[in-house]
Structures are given as structure tokens and as C-alpha cells.
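First comes the structure, then the notes that go with it.
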Amino acid sequence: MVASEAQIREWLTQVTDPEIPVLTIEDLGILRDVRHGKDGVTVTITPTYSGCPAMMAIRMEIVRALREQGVERVRVEEVLSPAWTTDWLSQDGRAKLLAYGIAPPAGKAQRKSALFGEPDTVACPQCGSERTSRTSEFGSTACKAMYRCEDCLEPFDYFKCI
Amino acid sequence: MNTREQQQFEYLLRLGDSDLILGQRLSAWLGHAPVLEEEMATGNVALDLVGQARSWLSLAGELEAQGRDADRLAYFRDAFDYRNVLITERPNGDYAYTIMRQFLFDAYHYPLLQQLSGSAHEGIREVAAKSVKEVEYHVRRSSEWVIRMGDGTQESHQRIQAALDDLWMYTGEMLTPDDVDDALLEAGVGADLEQVAWSWHDRVRAVTEEATLTLPDESWMQQGGKQGRHTEHLGYILAEMQHLPRSYPDARW
Ligand SMILES: [Zn+2]
């Protein structure tokens with residue numbers, strides 16, 4: 001059986017980011033290419049961060065998800081270019097993040113970098129208030145920063161722009 | 001490898017080893033950082049650096065074409081084969097020392113990667129373009145901390161000034177080109193360290209001024225890391241880092 005590339009992409013919606021399980025690799029924008037050739041299926045992905053510890057798990061999940069559908073020969077390739085930015089995050093992905101309690105990236109990734117670039121306003125994912133403050137530039141995973149809402153007082157993660 | 005490839009290999013080791021050794025140093029703060037936020041920040045910066053090291057060392061291994069991958073290069077070379085700049089192997093000291101070491105390195109790393117994002121070498125260009133976005137966060141954080149500590153209490157000011165004084169002699173090596181740097185610059189592959197030095201001086205001057213710190217006088221600078229002449233600290237770092245794969249060479253996760 002030769003599955004279409006659209007079918008393979010459909011199957012790959014089973015594969016999620018182990019650190020933010022509501023996002024599929026497609027939502028996250030790290031699924032770059034799916035090709036079905038004579039020598040099996042080649043799936044091309046790109047890391048979010050250089051040291052992203054989830055890449056290994058994601059590779060294994062891709063192979064597992066496709067094997068489950070009877071695709072035996074799967075190769076997963078990693079590319080660095082063009083470098084992933086938060087602009088690759090899909091609209092769907094942004095909505096899912098918000099529903100999950102993580103503030104999606106505010107604004108475009110390609111902003112002018114200043115010595116002390118102040119981040120854009122980050123709205124609280126719980127109550128929507130824009131009165132929030134950053135508690136740390138670095139959060140529980142490489143892609144997140146920590147914030148606190150000054151209105152509902154909830155701490156929350158912000159998926160930071162890169 | 002011909003001379004040109006040999007020089008490129010050396011250059012890639014310098015990039016990869018500096019990231020790897022600093023990443024290893026920072027990892028030692030896990031479980032010991034002064035506050036939880038800093039624990040996470042330090043861990044994240046370490047992770048970025050080790051990830052970048054893997055990319056650089058993979059390129060080095062491909063170029064060498066002797067079957068050494070990034071792990072092989074990281075775990076099975078001795079101190080004299082390492083090419084990291086000396087500042088990255090300085091001990092962690094107190095937190096002010098760790099922050100100042102980070103700042104002095106970040107202020108060099110950021111313009112270096114900006115330059116390399118325009119390299120004529122595709123692999124170098126790609127890794128640099130990826131890494132520079134991560135390092136932008138590093139330099140912002142370390143700059144903020146230098147200012148907070150320098151312009152903080154008498155105690156924090158005194159500690160971070162002492163760190164600056166002690167680390168100063170390790171900054172020259174990063175900014176001083178040698179034959180390898182010159183050759184790669186000429187080929188359009190490497191960075192222009194003169195430009196990097198300008199950017200470094202600008203940032204270091206601006207941040208230390210706001211931090212009310214005093215820059216040490218221009219003095220004698222340590223050299224040697226890029227050529228494989230290291231301080232006594234590197235051997236201990238490698239002993240810890242390489243212990244497992246050297247004791248159990250076939251170990252797999
Ligand atoms: Zn709120």
C-alpha cells in the first residue's frame with residue numbers, strides 16, 4: 001500500500017510535543033516535509049531550540065505512529081534551516097496553547113533586538129488582563145518564560161518569541 | 001584533510017568546545033542555584049549551549065570524515081585536544097562570578113554568531129542563525145544581572161567587581177585573532193574578530209557603567225585555549241564529563 005503524503009500528515013497528527021502535549025508537531029511548526037519515495041517515507045523536522053531535549057522522543061514517536069499504520073520504512077531527518085521561529089506556530093496551535101493555560105507568543109519573532117528589549121504586552125491566559133509582569137526570562141522548558149498576573153494573581157507560562 | 005580543511009576543523013572545535021565546556025560548568029549549578037528562577041535560567045542556558053556544541057561538533061566530525069560524531073568528539077578527546085577559550089573553564093565561584101563569566105562570554109558570543117550567520121559555509125551559517133536567537137536571550141539576562149548586582153548592595157557590588165577584576169585577563173583571547181581566525185576570515189567563512197571586539201567593548205562599557213563597576217586597566221592577557229594549552233581546571237571538568245562513556249564505552253540510554 002502506498003499512502004499519500006496527505007494521509008501520512010494526517011497520521012502524524014498523533015505525534016505531539018512531549019513537553020506541551022496539546023500541540024502536534026504540525027501545530028508547533030516543526031514538521032517541515034513529508035515525502036514518500038521508493039525507499040520509504042522521509043519525514044523532515046526542525047528543532048525549536050538547539051538543545052531541545054524533546055527531539056529524540058519526537059523522532060521515536062514519528063516512527064512509532066507510522067509503523068502503527070503499516071509504514072515500515074521511515075526515515076526522520078533534521079534540518080536547521082530556515083531556523084524555526086515562533087512565527088511557525090499555527091493559528092490552531094496558538095489557540096490550543098491559550099486554552100491549555102500558556103500565553104501564546106505576542107507579536108512577531110523578527111523584532112528589533114535592543115540591549116534591553118522590553119517584551120510586548122503579554123495577556124494573562126486565565127483572565128485576559130494585560131497587567132502582567134515577568135518573573136523570569138526562562139521557564140520550565142527552553143521555549144517558555146514565567147509571568148504573573150497582577151489582577152488574578154495567577155502565575156503562568158509564556159511561550160516566548162524567538 | 002588538507003590545510004584549509006584542517007583550519008576549518010580547528011575553528012569548528014573552538015566554537016563547539018567553548019559552548020560545551022561553559023554548558024558543562026553551568027550544569028553544575030543545578031540543585032545549587034540561589035533561587036528557583038535562576039536554577040531554571042542556568043539550566044536553560046546550559047542546555048542551549050550543549051545543543052549548540054552538538055551542532056558544531058557534528059559539523060567538525062563530518063568535515064574530518066573519520067567516523068567521529070559529536071559524542072565521540074566530546075567524550076573521547078583529552079584536554080590538549082580541546083579548543084575552548086580559557087574563560088569557559090574558569091570555576092563557577094560564587095554566583096556573581098558565574099554571572100560575570102557569562103556576561104563577558106555572551107557579549108562576545110552574540111556578535112560572533114551574528115557574523116557567522118553570514119558565513120560562506122552553509123553549515124556554519126545555519127548553526128549560527130539558529131544559535132544567535134538563543135544567545136540574544138543569554139546576553140540580555142546576564143547584562144541585567146550584572147547591572148542588578150553592580151548597582152545593588154555593597155556586598156553584591158564588591159563581589160561582582162572582584163569577579164570582573166579576576167576574569168579580565170581571560171577576555172583578550174576571545175577577541176584576538178590568530179592564524180586560523182585570519183585564514184577563515186579571508187575565506188569568508190569565519191568571523192571578523194575586530195568587529196566582534198568593537199561590539200564587545202561597546203556592550204561591556206555600557207553595561208558596566210550602568211552597573212557602577214570599574215573596568216580594569218588594560219593589562220596582560222592570557223592566551224592558549226584556542227591552541228590547546230589549558231589551565232589545570234579543564235582536566236577535572238573532562239574527568240567528570242567523560243567518566244561514564246569512558247568507563248562504559250558501549251553504554252546506551
Ligand atoms: Zn489573570
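The values are calculated or read from the model by the stated rules, or taken from the named source; none is laboratory data. Values in this document were obtained by computation on a predicted structure and should not be read as measured data. We place every Cβ from the backbone using ideal geometry, glycine too, and count neighbours over all the protein chains shown.
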Single match in B:89, B:39 (criterion: under 28 Å from residue B:251 (Cβ atoms) and at pLDDT below 95): B:39
Yes/no for residue B:92 being over 25 Å from residue B:202 (Cα atoms), more than 10 Å from every other protein chain (Cβ to nearest Cβ) and in a loop (DSSP other than H, G, I, E, B): yes
Elements of type strands (runs of 3 or more DSSP E) in the stretch A:4-46, at least 3 residues being under 15 Å from residue A:89 (Cα atoms): A:20-24
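Can you tell me which residue among B:76, B:105 is away from chain A (no Cβ under 14 Å) and crowded, with 17+ Cβ neighbours inside 10 Å?
B:105
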Lone qualifier among A:70, A:37, A:51 - being among the small types (Gly, Ala, Ser) and free of Cβ contacts under 8 Å to residues at least 12 places away in the same chain: A:37
Considering residues of the stretch A:43-70 that are surrounded by fewer than 20 Cβ atoms within 10 Å (Cβ to Cβ) and in contact with a strand residue (DSSP E or B) (Cβ under 6 Å, 6 or more places away or on another chain) only, the residue farthest from the other protein chains (Cβ to nearest Cβ): A:63
Helices (runs of 4 or more DSSP H) wholly inside the stretch B:169-222 that include at least 1 residues being within 14 Å of chain A (Cβ to nearest Cβ): B:193-210
Residue that is farthest from residue B:50 (Cα to Cα) [pool: residues in the stretch B:112-137 that are without any contact (Cβ under 8 Å) to a residue 40 or more places away in the chain and among the small types (Gly, Ala, Ser)]: B:118
Residues of the stretch A:133-143 that turn out to be surrounded by fewer than 23 Cβ atoms within 10 Å (Cβ to Cβ) and farther than 19 Å from residue B:33 by Cα, as a count: 2
Any hit, the stretch A:128-140, residues being within 16 Å of the ligand (Cβ to nearest atom), at pLDDT below 90 and either more than 30 Å from residue B:202 (Cβ to Cβ) or more than 14 Å from chain B (Cβ to nearest Cβ) (or both): no
Residues satisfying the stated conditions in the stretch B:19-54, i.e. part of a helix (DSSP H, G or I) and away from chain A (no Cβ under 14 Å): B:21, B:25
Members of the stretch B:142-159 that are farther than 10 Å from residue B:208 by Cα and either within 14 Å of chain A (Cβ to nearest Cβ) or touching a helix residue (DSSP H, G or I) at 6+ places or on another chain (Cβ under 7 Å) (or both): B:142, B:144, B:145, B:148, B:149, B:156, B:157, B:159
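Would you call residue B:121 modelled with pLDDT of 95 or more, surrounded by fewer than 24 Cβ atoms within 10 Å (Cβ to Cβ) and not hydroxyl-bearing (Ser, Thr, Tyr)?
Considered against the rule, which asks whether it is modelled with pLDDT of 95 or more, surrounded by fewer than 24 Cβ atoms within 10 Å (Cβ to Cβ) and not hydroxyl-bearing (Ser, Thr, Tyr), residue B:121 comes out as yes.
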